[in-house]
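Enquirer: This is the structure I have questions about; it appears just below.
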Amino acid sequence: WQGAHVNGNGTLAGGASNRVEPSMVTRTGVGRYTIDLGVDSRDDGLLFAIANNNDNITVQTGPFDNGTGWDIRVEDNATNHGATGEDRDWSFVYLPYATEGLVGGHYDGLANLHAASVGDFTMNRLSTGQYVLTVAGETPESGMLILSVAHRATSTATAPDDNALTYQASPSGSFLINSYDLPG
């Protein structure tokens, strides 16, 4: 795995990274960053990012459509999304699909399609914004589910700015996932 704590100015927090060099993270604008770990961001693994402060901050990711890294958006959850960004501290972890025991994937909810995945699981779209995930041999009681909104980023579409995911256990032992598009 690779990961780091990143300061709002785009520098790595001292002693708080694993296999990440300072040149791999770049601040591109207020609340905007890129990560290039030297892997194909479309097909080689999963990136998870989160604000690392006790504030109302969201962090969204988007793998670049050409596979050269990720677009990162950091903003205040109380503002008009897409209009502002904030230079706040955040953290990320990257897990290659070759990670032992990893079950996961990049899933296109609208198309009901796996862009890339690893492990034994099924994901089905129930309705707009509702999905059911079943992991072979596992239940919500036996493991943890980590979700992240991650839209493919192009020159005209970047990391999503106002989406959230939640989940709950289903009576059948699967995960019920809800996708929300926040107002504003």
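Enquirer: With a 10 Å radius around each residue's Cβ, average the other Cβ atoms per peptide and rank 120-131, 63-74, 31-42, highest first.
Expert: Descending packing order for the listed peptides: 63-74, 31-42, 120-131.
Enquirer: On average, how much accessible surface per residue is there in segment 92-146, in Å², for a 1.4 Å probe, leaving out ligands, DNA and RNA? Mind dumping the intermediate values first?
Expert: Details: 3300 Å² over 55 residues.
Solvent-accessible surface per residue comes out at 60 Å².
Enquirer: Compute the distribution of all C-alpha to C-alpha distances in segment 1-139, in bins of 5 Å from 0, and list the percent of pairs in each, rounded to whole numbers.
Expert: Spelled out bin by bin, segment 1-139 gives 2, 9, 18, 19, 18, 16, 12, 5, 1, 0 percent.
Enquirer: In the chain, carbon and sulfur make up what percent of the accessible area (probe 1.4 Å)? Intermediate results must be reported in sequence, preceding the final value.
Expert: On the way: 4780 of 9520 Å².
About 50 percent, which is the carbon plus sulfur part of the accessible surface.
Enquirer: Whole angstrom only: what separates the Cα centroid of segment 49-76 from the Cα centroid of segment 1-33?
Expert: Cα centroid of segment 49-76 versus Cα centroid of segment 1-33: 11 Å apart.
The values are calculated or read from the model by the stated rules, or taken from the named source; none is laboratory data. Computed from a prediction, not measured in an experiment: that's the story for all the values here. With ideal geometry, Cβ positions are generated from the backbone for all residues, glycine too; neighbour counts draw on all protein chains shown. Accessible surface areas use protein heavy atoms only, side chains included; no ligands, DNA or RNA. Shrake-Rupley method; radii C 1.70, N 1.55, O 1.52, S 1.80 Å.
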